[in-house]
Amino acid sequence: MNILFVGEAISGFGGIETVLKKVTHFLTNDKEASNNYTLYFLCRDDRMEKNWLQGLNVVCHHSGIKISFFRRMSYVCALAKFIVQNQPDIVIAFDSPSCRFSSLAIKKSNSKVPVVSWVHYSLDHKKHSKQVLLANYHLAISSGIKQQLLERGVSADRIALIFNPISRVTQVIPRPDNSQPAVFIYVGRLKFEGQKRIKDMLDAFSGLNQKWECHFIGDGSDRLKCQEYAHKQGVDENVHWHGWQNNPWGYIQNNIPAVTALLLTSSFEGFGMVLAEAMSFGIYCVSSDCPSGPADIIKNNINGTLFKPMDYVELQSILKNIIDRNIHTPPNEIKHSISNLYDDVYYKNLKSTLIRIKNNKKLENSL
């Protein structure tokens, strides 16, 4: 199968990059099929981080045209030419604008190749999300995104719920023993409010009287604001800022040997991959029940706990309960709770879905 992935330039440091590397690896190493792929990026300049692209089959089309209409047309014309020359079986667009560019390019090339949307964010919280409707099929990485597509009029038999892939690991990151403080971690961008809402976490911490600490692994434009607010709330001695780490889980294993729970206070997500990554190490997770993703991953009181988004009082109550050592699920059961997300299961489902799309078959209940 010849697959063309199309998208606008991305940062090189997010979850979509991790998934793209994994999926292209799956395709290349599939011993049962002969697969080809191209990652085709639509770029306004040459500033996109490219280190993560080493070893991948990549095309970057640059257009510095300042007038947006003509720049978009240059994208469409170049993509149409590429489609004619390379004859892909499927075009997978990983953002909403690229669904439009791909649809127009296919029309211009007189091709009948299907366009598949594969967005990694909540459609309710992104500009131009209606352009996703130009795709013929849709890969939904969470039940929330599937529901958003249904609400926008997409037929259920054109949507496949595939989630995101998580690597199996043999290691377990243990919990601290009862003589030690509870240890919380956060892994991700530091946004005071907005999507990540670190403010809610710090507000919840301010009412904790037990022994605890929290380690923040990540960076962002609001780092200083978060640190200043931690001081204002009187919790700065309990929190530790580790900055951005290229391999956060390796860093955690080397520097934070015991973890009680991972925390996520987002107002919205696409999937919430950090939750599943933590669970692969046997870590209990506490997350806002935001759109979309966490509810697909967290099974309440088994591998984690959900709370109402922006309700720091409820979060505070959950944290107090956890500090009192009321997590009873063994780490290996937490690891097993996400069996449907592990790489081998994921690729089996994705492969089956792509074959059905290539053959123009319905997707509902296909997996």
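The values are calculated or read from the model by the stated rules, or taken from the named source; none is laboratory data. Keep in mind that what you see is a predicted model, and the values were worked out from it rather than measured. So basically every Cβ, Gly included, is an ideal-geometry build from the backbone, and we count neighbours across all protein chains shown. Surface areas here come from the heavy atoms of the whole protein model, side chains and all, with no ligands, DNA or RNA. Shrake-Rupley method; radii C 1.70, N 1.55, O 1.52, S 1.80 Å.
Every test in (1) of a type in the set (Phe, Trp, Tyr); (2) without any contact (Cβ under 8 Å) to a residue 60 or more places away in the chain; (3) crowded, with 19+ Cβ neighbours inside 10 Å is passed by residue 268 save one, and that test is (2). Take residue 348 and tell me if it is outside any strand (DSSP E or B), touching a helix residue (DSSP H, G or I) at 6+ places or on another chain (Cβ under 7 Å), within 25 Å of residue 120 (Cα to Cα) and open to solvent by 40 Å² or more (accessible area, probe 1.4 Å). Considered against the rule, which asks whether it is outside any strand (DSSP E or B), touching a helix residue (DSSP H, G or I) at 6+ places or on another chain (Cβ under 7 Å), within 25 Å of residue 120 (Cα to Cα) and open to solvent by 40 Å² or more (accessible area, probe 1.4 Å), residue 348 comes out as no.
In the stretch 137-149, the residues that are assigned to a helix (DSSP H, G or I) never reach a residue that is among the aromatic types (Phe, Trp, Tyr) and open to solvent by 10 Å² or more (accessible area, probe 1.4 Å) with C-beta atoms less than 7 angstrom apart, at least six apart or across chains.
Residues checked against (1) hydrophobic (A, V, I, L, M, F, W, C); (2) touching a Cys at 6+ places or on another chain (Cβ under 8 Å); (3) crowded, with 17+ Cβ neighbours inside 10 Å; (4) over 20 Å from residue 15 (Cβ atoms):
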site: 206; (1), (2), (3), (4): no, no, no, yes
site: 211; (1), (2), (3), (4): no, no, no, yes
site: 216; (1), (2), (3), (4): yes, yes, yes, no
site: 221; (1), (2), (3), (4): no, no, no, no
site: 231; (1), (2), (3), (4): no, no, no, yes
site: 237; (1), (2), (3), (4): no, no, no, yes
site: 242; (1), (2), (3), (4): no, no, yes, no
site: 245; (1), (2), (3), (4): no, no, no, no
site: 254; (1), (2), (3), (4): no, no, no, yes
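For the stretch 51-95, filtered to residues that are farther than 30 Å from residue 246 by Cα and among the aromatic types (Phe, Trp, Tyr), the residue that is surrounded by the most Cβ atoms within 10 Å (Cβ to Cβ) is 75. Only a single item in (1) under 30 Å from residue 349 (Cβ atoms); (2) at pLDDT 95 or above; (3) crowded, with 20+ Cβ neighbours inside 10 Å is not met by residue 120, and it is number (2). Of all the numbered requirements in (1) of a type outside the set (D, E, K, R); (2) touching a residue at least 24 places away in the same chain (Cβ under 8 Å); (3) open to solvent by 60 Å² or more (accessible area, probe 1.4 Å); (4) closer than 30 Å to residue 363 by Cα, residue 153 misses one, and that requirement is (2). Per the listing 23, 91, the residue uniquely within 19 Å of residue 351 (Cβ to Cβ), under 21 Å from the mean Cα position of the chain (by Cα) and in a helix (DSSP H, G or I) is 23. Whether a residue is outside any loop (DSSP other than H, G, I, E, B), charged (D, E, K, R) and open to solvent by 50 Å² or more (accessible area, probe 1.4 Å) was assessed, and residue 191 does not pass this test.
Looking at 295, 258, just one residue is hydrophobic (A, V, I, L, M, F, W, C), in a loop (DSSP other than H, G, I, E, B) and open to solvent by 10 Å² or more (accessible area, probe 1.4 Å), and that residue is 258. Can you tell me which residue among 302, 322, 334 is farther than 28 Å from residue 23 by Cβ, open to solvent by less than 30 Å² (accessible area, probe 1.4 Å) and outside any strand (DSSP E or B)? Sole residue among the options that is farther than 28 Å from residue 23 by Cβ, open to solvent by less than 30 Å² (accessible area, probe 1.4 Å) and outside any strand (DSSP E or B): 322. Within the stretch 194-219, restricting attention to residues that are in a loop (DSSP other than H, G, I, E, B) and without any contact (Cβ under 8 Å) to a residue 60 or more places away in the chain, the residue that is farthest from residue 315 (Cα to Cα) is 219. With respect to residue 114, is the statement that it is touching a helix residue (DSSP H, G or I) at 6+ places or on another chain (Cβ under 8 Å) and over 19 Å from residue 41 (Cβ atoms) true? Considered against the rule, which asks whether it is touching a helix residue (DSSP H, G or I) at 6+ places or on another chain (Cβ under 8 Å) and over 19 Å from residue 41 (Cβ atoms), residue 114 comes out as yes. Does residue 5 satisfy the condition of being surrounded by 16 or more Cβ atoms within 10 Å (Cβ to Cβ) and part of a strand (DSSP E or B)? Considered against the rule, which asks whether it is surrounded by 16 or more Cβ atoms within 10 Å (Cβ to Cβ) and part of a strand (DSSP E or B), residue 5 comes out as yes.
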